[in-house]
Structures are given as C-alpha cells and as structure tokens.
C-alpha cells in the first residue's frame, strides 16, 4: 500500500514549534566547501563619510542568504528576528559568493543574548543557494571531526574537570572589556 | 523512487520522535519558558541543582541534567535518521553561579530560542541574570554559561561573542573559596542518543583565550586545547581563532 506523504507531513509540521509552510530546500551541492577565511575578521566598511562600493552580484548573494535565514514570515517577532540584528560577512571565490551570518552583539541590548543561531551560505552567480549550514550542524562535505565521537588519544587530565585557573591571561586585555557592567545594565526587577 | 521512500521514512520517524505532539507542551519543572506571545525571559530562576562544594561537581551535574532533556542530542551524522534527529533537536541553556555562602549552584534551564519556521537553526537565548530569591541580585557570581550542542560541534562565533559580552557585564573572573575562577562558556555533548550521558564539552575562557575540548573515557576525563582566540582592540568586537591541538597542561600555558 502506498503511503500518502502529504497528511503525514501536515500532521508532523503541525506538531513542530513555529512550523511554517515553506518547502524543503533542494539537494545541496556538496562539491562546494566553505572556506575557512569566511570565519576571519574581515574588512569592515569604511569610516563614516567614506563610500563603500558593492556590485550587484554581491548584493544579490547577501539578499538571498539574508532572506533565507530570516524569511519575511518569521520577521519582527523579536529583536533576533530582524535582519538588522545580524552581521554579514561575504567572501567571493570563483563563481560562488559565501555569506556568513552571526548575531550582532550590540544589536539587541534589552533581550537575552544568543548562543549559536548563525549560519553560512554558498550562493551561485545565478542567485541559487548551493549550500546552507546552520550553527552546530555537521558539514556533510567534510569528515567528522568535532562531534565527540572520536576517542581522545591523550592521557587523563590531572586538572579538575572544567578548571579555569591554569592558563596565562591574555595580554593586553582589549580595552573595551573593561567597560564594566554596561552591557547588561541593571538586573531586571 | 528511493528518495521518495526515504522522505516517507523520515516523515514517519519525525512523527515517532515527536510522540504525536505529546512531547512539546508538557511542562517540565526544570525548564522555564516565556508564555505564548510574551517577551523572552530576561532572568532565569534558581536554583535547579545544588548546592555543590566544587565547580567541577556542579558542572558535571549540569551536564547530565541538560543532556537528558528531550532531544538534547542528535547523535552521529552517519545514522539514517540523523536528518530528523537534527530537526527535532533542542538546545537548553543555564548558568552555574557562586553564592555568597560559598556554594556552586545551577539555575533552571531554558530552551527559548529565535523563531525559525523550518526548525533548521538551533539556538538558545540565555538571560544575563539569575534570580535566586535567597540572595541579592548583585551578590551572585557568574562562573559557567551552560548549554548543549546536539551534534557536539565546536563553539560558534555567537557563543564566543556571547560570553565576552557577559564578561563585560558581570566581570571576567570571580573570587571564590577555590581561588579566582574565570568566566567561561561550555557546550555539552553526548555520543549516545538513546541513553544520553555526559561524554564531553567544548569550553572557551575569555581571560586566557583558551578553546578547550574535554572528553570522558570511562571514569577519566581528558582535556585538549583546540585553539586560542585573539580579539581586536577596536569597538567592533572582532576576533580570530588560531587552531591548535595539544594537551591541557598547567606547565604549558598558551
């Protein structure tokens, strides 16, 4: 007997928090790998009063990635559901634009900060999403490495588990780390 | 045809995993969430676990507690149902804090997260503050920001930015009966989906820049330094990660 997929999926999606009506993305192109440089600091936009130039292809790649990450029907419910609450990195390699999206730490002052929740995209010249990878998701194009499934080879640690007392402090400490209490404000009542 | 059969299978597995909707709204006294339509919680109630005499015992208790919550682990990616397991997986987050009476305590958990219509994105919105009615708000010292990574992946850019912002707010180290403890963030993982256990965690300590990976083998714990984070001095809050692979050793500081 042939099982009809539609009612099963409809029931399943009704059970998932915040489930929407959008379709599953097409198969990913695993020949496209994310460059490590996408995670680097990058070049910021010029100082105020200085123009920055962006070609249309880059603009489209950013737009496609940002709209997939936060589609219109998911926007506005909280500060973290606004496109302007994120920082976007873009890197071009050949015909592919890679886009990294991460929370802007200064964007949502009054709301709790976000653990994980970022993403990376690879966008083709025609604006197609070739790959998307969300924070914490395994990268199907690379061998498993950080999942904790590989047995460690080193000896047992003599340190108490999670100990934070043994390393040398970084020097110098960034000056903005010493602002002291300005990020969280007073404790909420 | 095979792809269609696989989709049928995944849909059925998804239903089974979700327990026919029964699992989502069940109230768990360990977990706090905003009411429907209400803003995100801006403080977490405490305590959930404790008091403990050492930071390690509090950390391990929190690890076991978080990883046994529903769908906290997605298991290995080679499993045929990994796609479904990832979609239904959840992140939980909490604080481990130090109290004025010299104990270590774990707050309640939350799984409040950014809305994602397709459940692809995993996140946890951890309030900056713990509300433990036994103590004044400013007497609590924040030691570990706790959460889980369902696949066990490394700490993310958002995790690293998060804990530095919390350090600016609360301080990067706290005086305790066990010495000066540095603020850090950890992401727990389990290797087993059906019987989750505390098998390890990733850790970042802003004050030393260390990225560490702790793994359990039987009763032994092993620690590897997997990288170091360095920050730019500018207000734009940018950092770079230098990867490494060496044992954690008091005599070989980074």
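Some points to look at:
- Taking the stretch B:130-241 and the strands (runs of 3 or more DSSP E) fully enclosed by it, the elements with 1 or more residues that are within 15 Å of the chain's Cα centre (by Cα) are at B:141-148, B:184-189, B:200-205, B:210-217.
- Taking the conditions (1) within 29 Å of residue B:168 (Cβ to Cβ); (2) surrounded by 13 or more Cβ atoms within 10 Å (Cβ to Cβ) in turn, residue A:68 satisfies each one other than (1).
- Residues located in the stretch B:197-207, provided they are surrounded by fewer than 21 Cβ atoms within 10 Å (Cβ to Cβ) and more than 8 Å from every other protein chain (Cβ to nearest Cβ): B:197
- Members of the stretch B:119-129 found to be farther than 26 Å from residue B:46 by Cβ and in contact (Cβ under 8 Å) with a residue 24 or more places away in the chain, listed by number: B:119, B:120
- Of all residues in the stretch B:235-247, those satisfying the criterion of being more than 9 Å from residue B:211 (Cβ to Cβ) and facing chain A (nearest Cβ under 8 Å) are B:235, B:236, B:237, B:238, B:239, B:240, B:247.
- If you go through the stretch A:98-136 and keep only what is without any contact (Cβ under 8 Å) to a residue 12 or more places away in the chain, outside any strand (DSSP E or B) and facing chain B (nearest Cβ under 7 Å), you end up with A:105, A:112.
- Condition check for residue A:33: at pLDDT 90 or above and closer than 15 Å to residue A:100 by Cα: yes
- Here residue A:67 does not fit the description of being out of contact with any strand residue (DSSP E or B) (no Cβ under 6 Å at 6 or more places or on another chain) and over 25 Å from residue B:157 (Cα atoms).
- With respect to the conditions (1) closer than 20 Å to residue B:66 by Cα; (2) within 9 Å of another protein chain (Cβ to nearest Cβ), residue B:105 lacks only one, and its number is (2).
- Only one of A:7, A:26, A:46 that is farther than 19 Å from residue B:158 by Cβ, more than 10 Å from every other protein chain (Cβ to nearest Cβ) and at pLDDT below 85: A:26
- Residue check for residue B:126: under 17 Å from the mean Cα position of the chain (by Cα), at pLDDT 95 or above and more than 7 Å from chain A (Cβ to nearest Cβ): no
- Listed conditions (1) at pLDDT below 95; (2) within 25 Å of residue B:130 (Cβ to Cβ) are all met by residue A:159, apart from (2).
- All of B:156, B:240 fail the test of being under 22 Å from residue B:109 (Cα atoms), in contact with a strand residue (DSSP E or B) (Cβ under 6 Å, 6 or more places away or on another chain) and without any contact (Cβ under 8 Å) to a residue 12 or more places away in the chain, apart from B:156.
The values are calculated or read from the model by the stated rules, or taken from the named source; none is laboratory data. As the structure is a computational prediction, the values presented were derived from the model and not from experiment. Please note: Cβ atoms are built from the backbone with ideal geometry, for glycine as well, and neighbour counts cover all protein chains shown.
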